[in-house]
Amino acid sequence: MSTSPDVRRETRPSSTVAIDLAAVRRDFPILSRQVHGRPLVYLDNAASSQKPRSVIEAERSLYEGYYANVHRGVHSLSMESTDAFEAGRVKAQAFLNAASTREIIFTRGTTEAINLVAATFGRSRVGAGDEVLVSGLEHHSNIVPWQMLCAEKGARLRSVPINDDGEVRLEELERLLTPRTRILGMAHVSNALGTINPVAQIVEMAHARRVPVLLDGAQAAPHVAVDVQSMGCDFYAFSGHKIYGPSGIGVLYGKASLLEEMPPYQGGGDMILSVSFEKTTYNELPYKFEAGTPNIAGVVGLGAALDWVTGIGLDRIAAHEHSLLEYGTRRLLEIPGLRIIGTAREKAAVLSFVIDGVHPHDMGTVLDYEGVAVRTGHHCAQPVMERFGVPATTRASLAVYNTKQEIDVLVAGIEKAREMFV
């Protein structure tokens, strides 16, 4: 088997050209439904985004027209499925601007991608007395795998503190990068606050100390252009379901030189070249890390999602979402007793807030009856909540299909909840 040829990144449309928002919304069938008799206002995109027709159709077409297992058959259906599967890898390579398709590993999502790195690269590099460094912004998925590794190896997990705006304190990062640091794990964008970290600068700081860097890109990939070669990171992970693609599929980028050195994550079919009871010879990259039958439909759907996003252009998506963020911030701050948690200078379109006298779960329930879907709780980021002294927040997270009118509906729902409980 062989990987698909490497490709150059496509040119994105100019951010100065406005998005046809009505056309974008027509692409998403679910946006036409009602909840409790009101039009759906979906503002839970940091948890999972909705799916355009092209993604739904891509998976349907696979199952109806040419589905078979990949890489293992000489019959037509298997070869067609394999071609579609590997085309998805080429699209992921282009999306991230990776140097080669050999550097693109398919996983179940960002969580599995981080666990893969911790269990292979981490286990072979981290020993007793060593340190693993993360930030105070991290999702639990970029904390717990490293905790497990440190517990196994007798190492220490350390965290870089954040300031009152929800930004990583770079002077503390510099101090915490020591000869004992074996890897730095950092969110590109915070799921709980929307903070966009200066990742190129962070990678440069870490590499100056010869510390490799893994970036959790789950919240970044749907919103900002990602260029792993420009950033210089060693690993980058993102999930399909947050970028308008299917759930159960994700991507791990890793520098080929590192992936070659790493042991396999799991054993089984497709990650081998030959097996005997005496010895197993592992497959070449990227297949060495893809044991078992993969999520074929997930990869095909992810490829369609990346096509859809690239067709609009991430620069245009970012510009639209930034205008929503500015408008939403202004409208929310007009509400008495409301406090936005996370006020970084560089933010993705996340509005995480608390309001005096209203528990976030009550807020979420009231908003649901207004047709507004938000997330309430600690957002799998309990250390972030602890840093700001709150048990939970209400989080409205925006996407390309959201409108200022929907933000107005959100604000009206917040004011209704405030009238009910305050």
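The values are calculated or read from the model by the stated rules, or taken from the named source; none is laboratory data. Keep in mind that what you see is a predicted model, and the values were worked out from it rather than measured. For neighbour counting, all protein chains shown are included, and Cβ atoms are generated from backbone atoms with ideal geometry for every residue, glycine included.
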Answer residue from the range 189-244, given it is among the basic types (K, R) and closer than 20 Å to E131 by Cα and is surrounded by the most Cβ atoms within 10 Å (Cβ to Cβ) among those: R209
Being in contact with a helix residue (DSSP H, G or I) (Cβ under 7 Å, 6 or more places away or on another chain) and surrounded by 24 or more Cβ atoms within 10 Å (Cβ to Cβ), is that true of even one residue in the range 264-281? no
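Of all the residues that make up the range 172-184, how many are more than 16 Å from H207 (Cβ to Cβ) and either under 26 Å from the mean Cα position of the chain (by Cα) or polar (S, T, N, Q) (or both)? Outline the logic, then answer.
Applying the first criterion (more than 16 Å from H207 (Cβ to Cβ)) to the range 172-184 yields 172, 175, 180.
Among the residues that remain, those that are also either under 26 Å from the mean Cα position of the chain (by Cα) or polar (S, T, N, Q) (or both) are: 172.
Number of matching residues: 1.
Counting only residues that are out of contact with any Asp or Glu (no Cβ under 9 Å at 6 or more places or on another chain) and surrounded by fewer than 23 Cβ atoms within 10 Å (Cβ to Cβ), how many does the range 388-397 have?
Within the range 388-397, the first condition is being out of contact with any Asp or Glu (no Cβ under 9 Å at 6 or more places or on another chain), and the residues that meet it are 389-394.
From what is left, the residues that are surrounded by fewer than 23 Cβ atoms within 10 Å (Cβ to Cβ) are 389-392.
Going through the range 388-397 one residue at a time, the tally reaches 4.
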Given the conditions (1) touching a residue at least 60 places away in the same chain (Cβ under 8 Å); (2) within 17 Å of the chain's Cα centre (by Cα), report the number of the one that V144 does not fulfil. (1)
Of the residues that make up the range 225-234, is at least one over 22 Å from E103 (Cβ atoms), outside the structural domain of R345 (by TED's automatic domain parsing) and among the aliphatic types (A, V, I, L, M)? no
List, please: which pairs have Cβ atoms under 8 Å, are six or more places apart or on different chains, and start with a residue in the range 372-398 that is farther than 23 Å from L324 by Cα and end with one that is assigned to a loop (DSSP other than H, G, I, E, B) and among the hydroxyl-bearing types (S, T, Y)? A381/S190; V384/S190
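Out of the residues in the range 89-103 that are touching a strand residue (DSSP E or B) at 6+ places or on another chain (Cβ under 8 Å) and not acidic (D, E), state the one that is surrounded by the fewest Cβ atoms within 10 Å (Cβ to Cβ).
Taking the range 89-103 as the starting set, the residues that turn out to be touching a strand residue (DSSP E or B) at 6+ places or on another chain (Cβ under 8 Å) are 89, 92-93, 96, 98, 103.
Remaining after also requiring not acidic (D, E): 89, 92-93, 96, 98.
Details: R89: 23, A92: 26, Q93: 25, L96: 25, A98: 25.
Only one residue fits best here, namely R89.
Does the range 22-39 hold any residues that are outside any helix (DSSP H, G or I) and either closer than 13 Å to G413 by Cβ or of a type in the set (K, R) (or both), and which are they?
The first filter runs over the range 22-39 and keeps only residues outside any helix (DSSP H, G or I), leaving 27-28, 33-39.
Of everything in the range 22-39, those that are outside any helix (DSSP H, G or I) and either closer than 13 Å to G413 by Cβ or of a type in the set (K, R) (or both) turn out to be R33, V35, H36, R38, P39.
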Output for the range 282-325, where each listed residue is surrounded by 18 or more Cβ atoms within 10 Å (Cβ to Cβ) and among the aromatic types (F, W, Y): Y287, F289, W308
Taking the conditions exactly as written (within 18 Å of F121 (Cα to Cα) and modelled with pLDDT of 95 or more), does L302 satisfy them or not? no
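Matching residues to (1) closer than 29 Å to S159 by Cα; (2) crowded, with 18+ Cβ neighbours inside 10 Å; (3) among the polar types (S, T, N, Q):
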residue	(1), (2), (3)
V354	yes, yes, no
Y369	no, no, no
N402	no, yes, yes
I407	no, yes, no
R418	no, yes, no
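Kindly evaluate V35 against the criterion of being surrounded by fewer than 20 Cβ atoms within 10 Å (Cβ to Cβ), among the hydrophobic types (A, V, I, L, M, F, W, C) and not assigned by TED's automatic domain parsing to the domain that holds M262.
Details: surrounded by fewer than 20 Cβ atoms within 10 Å (Cβ to Cβ): yes; among the hydrophobic types (A, V, I, L, M, F, W, C): yes; not assigned by TED's automatic domain parsing to the domain that holds M262: yes.
Yes; evaluated as a whole, the condition is true for this residue.
Right, K255: in contact with a Pro (Cβ under 8 Å, 6 or more places away or on another chain) and touching a residue at least 24 places away in the same chain (Cβ under 8 Å) or not? Before the answer, list the steps.
Working: in contact with a Pro (Cβ under 8 Å, 6 or more places away or on another chain): no; touching a residue at least 24 places away in the same chain (Cβ under 8 Å): yes.
The answer is no for K255.
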What's the number of the condition A381 fails, among (1) in contact with a Lys or Arg (Cβ under 9 Å, 6 or more places away or on another chain); (2) under 19 Å from I143 (Cβ atoms)? (1)
